[in-house]
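The values are calculated or read from the model by the stated rules, or taken from the named source; none is laboratory data. Please read all numbers here as calculations on a predicted model, not as lab measurements. Positions of Cβ are backbone-derived with ideal geometry, glycine not excepted, and every protein chain shown enters the neighbour counts.
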Amino acid sequence: MTVSGAQLQEFLAGLDYPVSREDLVRWAQENGASTETLQTLRTLPAEEFGTPAELGEALVVVTR
């Protein structure tokens, strides 16, 4: 099973921005994300995401 961008966005709803990739992974771990979800988040660029839209764009690229 593959994790879709929409599934990740739903799971990550409620985050405070800006947020870094490391913070995303940590938050996901603390909230019971699957191994597959964590692996997908780890493939995001090592940058900070200022808005949900920026994060969404990055998720679309890594979940293709």
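Going by the structure shown, is Leu44 assigned to a loop (DSSP other than H, G, I, E, B) and modelled with pLDDT of 85 or more? I'd like the intermediate steps shown before the answer.
Values: assigned to a loop (DSSP other than H, G, I, E, B): yes; modelled with pLDDT of 85 or more: yes.
Yes; evaluated as a whole, the condition is true for this residue.
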>> Every residue in the stretch 23-50 that is without any contact (Cβ under 8 Å) to a residue 24 or more places away in the chain and either more than 10 Å from the chain's Cα centre (by Cα) or closer than 19 Å to Arg64 by Cα (or both), please.
In response: Arg26, Gln29, Glu30, Asn31, Gly32, Ala33, Thr35, Leu38, Gln39, Arg42, Thr43, Leu44
